[in-house]
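Undergrad: Here it is, the structure, as structure tokens.
The values are calculated or read from the model by the stated rules, or taken from the named source; none is laboratory data. This is a predicted model, so every value here is computed, not measured. Neighbour counts run over all protein chains shown; Cβ positions are idealised from the backbone, glycine included.
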Amino acid sequence: MVSSDPRAPDDCRARVPCRRRAFLAGLGAATASTVAGCLSGGAGGGPGESEDEPVVDEAETTEGTTDRDAWIDVERLRFDGWVGGWVGVEPSAIDRVENPTLVLVEGREYELTWENMDGIHHNVAFWNEDWEVVADYSTPGNDVVGETETLVFEATAEIDTYRCEYQPVGQQGEVRIIDS
């Protein structure tokens, strides 16, 4: 079918079958939507998939141990930094956990060390519930594979989350502050 409608695209008015072109355009849009949905990491990605599955291949789970007894003697934390999320290394309560929940004793000093694993610029910062950095608890950041940064900080009730300020959606985790 050829269109004589002046509102039709130029190629349709140039006597090109419009039904086929419209079908192909619709097919292209549907394909793009499907691909975008697959890449977005949204829930319900497919049979057997869960939104709680790790994004980073090196992570084994998104659920770490938050039991008080597993955290009461912890003073050092270690993460691997990937663009898809932080992966816990130490203590054992967060080993291979993506964006693990940290359970920290209020008033205790901690040392958090993270290693850049992908050459993308990362840093780590502790934020309050208003998305503001708490007490300048933030590393400068780096984009060198294998480079580490260490942040020494005191756990305070104000700390709500930890995040990469460059990828704050993918690299973030909850912080629970407990009494000693």
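Undergrad: Could you tell me which numbered condition residue 131 fails, if it satisfies all but one of (1) surrounded by 15 or more Cβ atoms within 10 Å (Cβ to Cβ); (2) among the aromatic types (Phe, Trp, Tyr); (3) farther than 21 Å from residue 57 by Cβ?
TA: That leaves (1) as the condition not met.
Residues are listed down the side, and each one gets a yes or a no for (1) surrounded by 17 or more Cβ atoms within 10 Å (Cβ to Cβ); (2) of a type in the set (Gly, Ala, Ser); (3) over 15 Å from residue 78 (Cα atoms):
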| site | (1), (2), (3) |
| --- | --- |
| 103 | yes, no, no |
| 119 | no, yes, yes |
| 123 | yes, no, no |
| 142 | yes, no, yes |
| 145 | no, no, yes |
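Undergrad: Being over 15 Å from residue 170 (Cβ atoms) and free of Cβ contacts under 8 Å to residues at least 12 places away in the same chain is the filter here; which residues of segment 49-88 pass it?
TA: 49, 50, 69, 73
Undergrad: Moving on to the next point. Can you tell me which residues in segment 51-71 are among the small types (Gly, Ala, Ser) and either surrounded by fewer than 18 Cβ atoms within 10 Å (Cβ to Cβ) or in a strand (DSSP E or B) (or both)? Show your work before the answer.
TA: Going residue by residue through segment 51-71, those that are among the small types (Gly, Ala, Ser) are 59, 64, 70.
Matches in segment 51-71: 70 only.
Undergrad: Right, next: Would you check which residues across segment 160-180 are touching a residue at least 60 places away in the same chain (Cβ under 8 Å) and assigned to a strand (DSSP E or B) and list them? Please lay out each step first, then the result.
TA: Restricting attention to segment 160-180, the residues satisfying the condition of being touching a residue at least 60 places away in the same chain (Cβ under 8 Å) are 162, 164, 167, 170-180.
Of everything in segment 160-180, those that are touching a residue at least 60 places away in the same chain (Cβ under 8 Å) and assigned to a strand (DSSP E or B) turn out to be 162, 172, 173, 174, 175, 176, 177, 178.
Undergrad: Also: Looking at (1) of a type outside the set (Phe, Trp, Tyr); (2) under 16 Å from residue 81 (Cα atoms); (3) buried (at least 17 other Cβ atoms within 10 Å of the Cβ), which is the only condition residue 177 fails?
TA: Status for residue 177: all satisfied but (2).
Undergrad: Can you find even one residue in segment 72-79 that is loosely packed, with under 13 Cβ neighbours inside 10 Å and touching a Pro at 6+ places or on another chain (Cβ under 8 Å)? Talk me through it step by step, then tell me what you get.
TA: Narrowing segment 72-79 to residues loosely packed, with under 13 Cβ neighbours inside 10 Å: 72-73, 75-76.
Now restrict to residues that are touching a Pro at 6+ places or on another chain (Cβ under 8 Å): 76.
Looking for residues that are loosely packed, with under 13 Cβ neighbours inside 10 Å and touching a Pro at 6+ places or on another chain (Cβ under 8 Å), one finds at least one in segment 72-79, hence yes.
Undergrad: Now for a different question. Among the residues of segment 166-175, are any in contact with a Leu (Cβ under 7 Å, 6 or more places away or on another chain), within 28 Å of residue 67 (Cβ to Cβ) and modelled with pLDDT of 95 or more? Even if it seems obvious, please write down each step before you answer.
TA: Residues of segment 166-175 in contact with a Leu (Cβ under 7 Å, 6 or more places away or on another chain): 173, 175.
Subset that is within 28 Å of residue 67 (Cβ to Cβ): 173, 175.
Those left that are additionally modelled with pLDDT of 95 or more: 173, 175.
Checked against the condition, which is being in contact with a Leu (Cβ under 7 Å, 6 or more places away or on another chain), within 28 Å of residue 67 (Cβ to Cβ) and modelled with pLDDT of 95 or more, segment 166-175 yields at least one hit.
Undergrad: Check 154, 111, 165 and return the single one that is over 20 Å from residue 58 (Cβ atoms) and under 14 Å from the mean Cα position of the chain (by Cα). Explain how you work it out, then say what you get.
TA: Numbers: 154 fails: under 14 Å from the mean Cα position of the chain (by Cα); 111 fails: under 14 Å from the mean Cα position of the chain (by Cα).
On inspection, the qualifying residue turns out to be 165.
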